[in-house]
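*Asks:* Quick one: structure below, then a few questions.
Read the figures in this text as sums done on the coordinates, not as results from a lab. Keep in mind the model is a prediction, meaning the values are calculated, not measured. With ideal geometry, Cβ positions are generated from the backbone for all residues, glycine too; neighbour counts draw on all protein chains shown.
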Amino acid sequence: MNVLEVKNLRKSFEENIVLNDLSLAVPDHTATVLIGASGSGKSTLLRCINLLDTIDDGSIFLDGKEISDPEINVDDVRKNLGMVFQSFNLFPHMSVLDNIMLSPVRVHKIAKEQARDEAMTLLRRFDLADKAEQYPDRLSGGQQQRVAIIRSIAVKPRLLLLDEVTSALDPVLVNEVLSIVRDLKADGMAMVLATHEMGFATQVADEVCFLKDGNIIERGPASQVISAPQQDETKDFLRRVHEAGRL
Amino acid sequence: MSNDSPARETSGRALSWTPSQRELERQAARKAIGRKKALIATISSVIVIGSLIRLVITSPGWQTVKKTFFDWAFGGEVLGAVAKGLIVNVRLTIIAAILIGIFAMTLALLRTSRSAALTPFRIMATAYVDIFRGVPLLLVILLIGFGVPALRIEGLTNSVLILGTTAVVLTYSAYVAEVIRSGILSIHPSQRAAARSLGLSASQTMRHVVLPQALKRVVPPLLNDLVALLKDTGLVSILGVTDAVRAAQIASSRTFNYTPYVTAAILFLLITIPLTRYTDRVLAKSIKRQNAQGAA
């Protein structure tokens, strides 16, 4: 059973074609990793899946239900989707705990005490329990991003979307964030993630998709796409990543 | 560009060392420079301000000016009446501020909402703000204060105090609505995106994520408007409300001495200067907080 199915997606911003007839399927409990240069359409694809951007053509299905239907209640769809942004986007006027509890309490109508217990359990699991009452500006970037990930999984989404979650971090902080993602993958959380960390992609990906000019040029297990790419474009991209020292 | 710089964690560590000889010399040198600057500032201030005061009080017209504007015996005589008038201004300001807060918030929310059902209200709110922001307050006070009683509508108040307050509320709500709206628009779209992606509806996003941050940001400009509001309540005196301005006018017209106006001015300043200083402090604090956030 596929959690997510994207069929023939098209999206452009005025003259600029960002997604060009792109199709993708994500089976339950698997991780699909999107790689590709900036501007290849990775972030836009994630934003379209989350209905933050409207698509120009094609369709998107979540658990077999078409969510690209204009009649659909977007708030209901997003209840089943977690999204983590490159720039964390924590709410600066709320404590860590309140950030995490906001959606469970306000959207999912879970009792406050229960939401608090669940949030604390997650914070303890990821070594952030001592930061529960802190405000985001007192946290390091890595801690903020870990809180943002916890916030997105606190409502137990069907699918987690991660948009270059380590791109805004110091190299030394990248690993603490990636290790959470690894743990969630081990839990069986289905996810789609855009990343520039090829080593990490190799570790978590069930499928790697190389995007260029809004389409998937090459897809397959990491052992193929990253370790032994077939397409010239993929080889070229990986060579440039390698030269930049990120492989 | 460090993401891992929670500066406060380092402040917990005790940093103690014995300053080097060079550092002690530097500190002594800085102190000497500081003393020299303070001395220069004092001397130049005394010379410039002192000679200005001397120029004024030695000028041939000074005695007349003093008698006309600064007749403190007369000022003390009218102080009670003017102060009683000022209480009217303060009361009017408090009542108006509350009503303005409610009305302006409604206008700002209507103008920023994207709901289809609210479209007519959004249009009306926009038109309202455009009109009342562009018409002089005095004109609105005259229109409502004299115009409404002229309608002779049964049951409608003729109290100039209520009508004057209404005019002030109508005008200031337009100003304040724009301040609140600018605060709402200043919140980065990524905050909205984060809230919506958590499943919050548009109105939940506004209430729990956007508004709390926006209101915090607009506190300093709103305090500025409060100072302006207090001063502008003096305009309702034109309707015959016995506020501080009117009380001063009455006292002054009896004697052709203008000290009551100066008395009223001083009383206004006693409230507005502390309020302005407080606003400056709030503003400085909010700038500091925002810079700290930017660095985090």
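*Asks:* In degrees between 0 and 90, to the nearest 10, how far off the longest principal axis of chain A does helix A:96-106 point, with axes built from Cα atoms?
*Replies:* Taking the Cα atoms of chain A, the angle to A:96-106 is about 80 degrees.
*Asks:* Additional query: Can you tell me what the convex hull of the Cα atoms of chain B projects to on average, as an area in nm²? Each step should come with its number before you reach the end.
*Replies:* Working: hull surface 105.7 nm².
Quarter of the Cα hull surface area: 26.4 nm².
*Asks:* Separate question: Please list the helices of chain B that count as membrane-span-like by this rule: a mean Kyte-Doolittle hydropathy of at least -1.0 together with Cα atoms stretching 20 Å or more along the helix axis, each helix being a complete DSSP H run. Each step should come with its number before you reach the end.
*Replies:* Working: long enough: B:21-58 (55 Å, 0.41); B:72-112 (55 Å, 1.60); B:119-134 (23 Å, 0.44); B:160-185 (37 Å, 1.54); B:211-232 (29 Å, 0.53); B:259-295 (53 Å, 0.31).
In chain B, the long hydrophobic H runs are B:21-58, B:72-112, B:119-134, B:160-185, B:211-232, B:259-295.
*Asks:* Run the simple label-point estimate for residue B:106 and residue A:206 please: 7 Å along Cα→C-beta, distance reported in nm.
*Replies:* Here the answer is 5.4 nm between the modelled labels.
*Asks:* Straight-line reach from residue A:109: which aspartates and glutamates have a Cα under 16 Å away, not including same-chain ones fewer than 8 places off?
*Replies:* Hits, sequence-local ones excluded: A:75, A:76, A:98, A:117, A:118.
*Asks:* Counting other Cβ atoms within 10 Å, which GluC sites (Glu not before Pro) in segment A:1-49 have at most 11 and lie in a DSSP loop?
*Replies:* Working: sites: A:5, A:14, A:15; in loops: A:14, A:15.
Answer by residue number: A:14, A:15.
*Asks:* To continue, here is another question. Would you pull out the residues with amide H under 5 Å of residue A:86's amide H, same chain only if 5 or more places away, H placed 1.01 Å from N?
*Replies:* For residue A:86, whose amide H was placed from the backbone, the distant partners under 5 Å are A:163.
*Asks:* While we're looking at this one, here's another question. Considering only C-alpha atoms, what is the centroid distance from segment A:201-247 to segment B:178-224, in Å?
*Replies:* 40 Å
*Asks:* Given the DSSP H assignment, sum -39500 (n - 2.57) over each helix run of at least 4 residues in chain A and divide by its residue total; what's the result at 222 nm in deg cm²/dmol, nearest 500? All intermediate terms of the calculation are to be shown ahead of the outcome.
*Replies:* Details: 9 runs with 91 residues, N = 247.
Helix contribution divided over all residues of chain A: -11000 deg cm²/dmol.
*Asks:* Continuing with the same structure: Which value, to two decimals, describes the C-alpha radius of gyration of chain A once divided by 2.2 N^0.38 Å? It would help to have the intermediate numbers written out before the result.
*Replies:* Details: Rg = 17.9 Å, N = 247, 2.2 N^0.38 = 17.9 Å.
Ratio of Rg to 2.2 N^0.38 Å for chain A: 1.00.
*Asks:* Where does the longest stretch of chain B lie that holds no chymotrypsin sites (Phe, Trp or Tyr not before Pro) found in a DSSP loop with 11 or fewer other Cβ atoms within 10 Å?
*Replies:* On the way: sites that count: B:17, B:256.
By the stated rule (loop sites, at most 11 other Cβ atoms within 10 Å), B:18-255.
*Asks:* When only alpha-carbon atoms count, how far does the protein assembly as shown stretch along each of its three principal axes, as whole angstroms with the largest first?
*Replies:* Per principal axis, max minus min of the Cα coordinates gives 100, 83, 49 Å.
*Asks:* Here is a follow-up. Relative to the present Cα-Cα distance, how much length would full extension add between residue B:25 and residue B:126 at 0.36 nm per residue of separation? Intermediate results must be reported in sequence, preceding the final value.
*Replies:* Numbers: separation 101, 0.36 × 101 = 36.36 nm, distance 6.41 nm.
That works out to 29.9 nm of additional length.
*Asks:* Sort all Cα-Cα distances of segment B:148-193 into consecutive 10 angstrom bins from zero, then give the percent of pairs in each bin up to the one containing the longest distance.
*Replies:* Cα pair-distance distribution for segment B:148-193, in percent: 22, 29, 20, 16, 11, 2.
*Asks:* Points 7 angstrom from Cα along the Cβ direction at residue A:25 and residue A:235: gap in nanometres?
*Replies:* Here the answer is 3.0 nm between the modelled labels.
*Asks:* For chain B, what is the calculated [θ] at 222 nm in deg cm²/dmol (nearest 500), taking -39500 (n - 2.57) for each run of four or more DSSP H residues and dividing by its residue count?
*Replies:* Numbers: 12 runs with 232 residues, N = 296.
Only helices count here, giving -27000 deg cm²/dmol.
*Asks:* Please give every one of the lysines within straight-line cross-link reach of residue A:131, meaning a C-alpha to C-alpha distance under 22 Å, and leave out same-chain neighbours fewer than 8 residues apart.
*Replies:* List returned: A:112, A:156.
*Asks:* Also, I was wondering about something else. What is the spin-label model distance, in nm, from residue B:43 to residue B:250 if the labels are put 7 Å beyond Cα along the C-beta direction?
*Replies:* About 5.5 nm separates the two model spin labels.
*Asks:* Check residue A:159: other-chain or 5+ apart residues with amide H under 5 Å from its amide H, H built from backbone geometry?
*Replies:* A:82
*Asks:* Less than 17 Å apart at the alpha-carbon level, and either on another chain or at least 8 residues along: which aspartates and glutamates does that give for residue B:285?
*Replies:* Answer for residue B:285, where 17 Å is the Cα cut-off: A:137, listed by chain and number.
*Asks:* Please list the non-local residues whose amide H lies under 5 Å from the amide H of residue A:23, H modeled 1.01 Å from N, same-chain partners needing a gap of 5 or more.
*Replies:* A:8, A:9, A:216
*Asks:* Evaluate 2.2 N^0.38 Å with N set to the residue count of segment A:48-195, then give the Cα radius of gyration divided by it.
*Replies:* Expressed relative to 2.2 N^0.38 Å, the Cα Rg reads 1.05.
*Asks:* May I pose another question? Contour minus end-to-end for residue B:32 and residue B:224, with contour as 0.36 nm per residue of separation and end-to-end as the Cα-Cα distance?
*Replies:* Values: separation 192, 0.36 × 192 = 69.12 nm, distance 3.98 nm.
Working it through step by step, the gained length comes to 65.1 nm.
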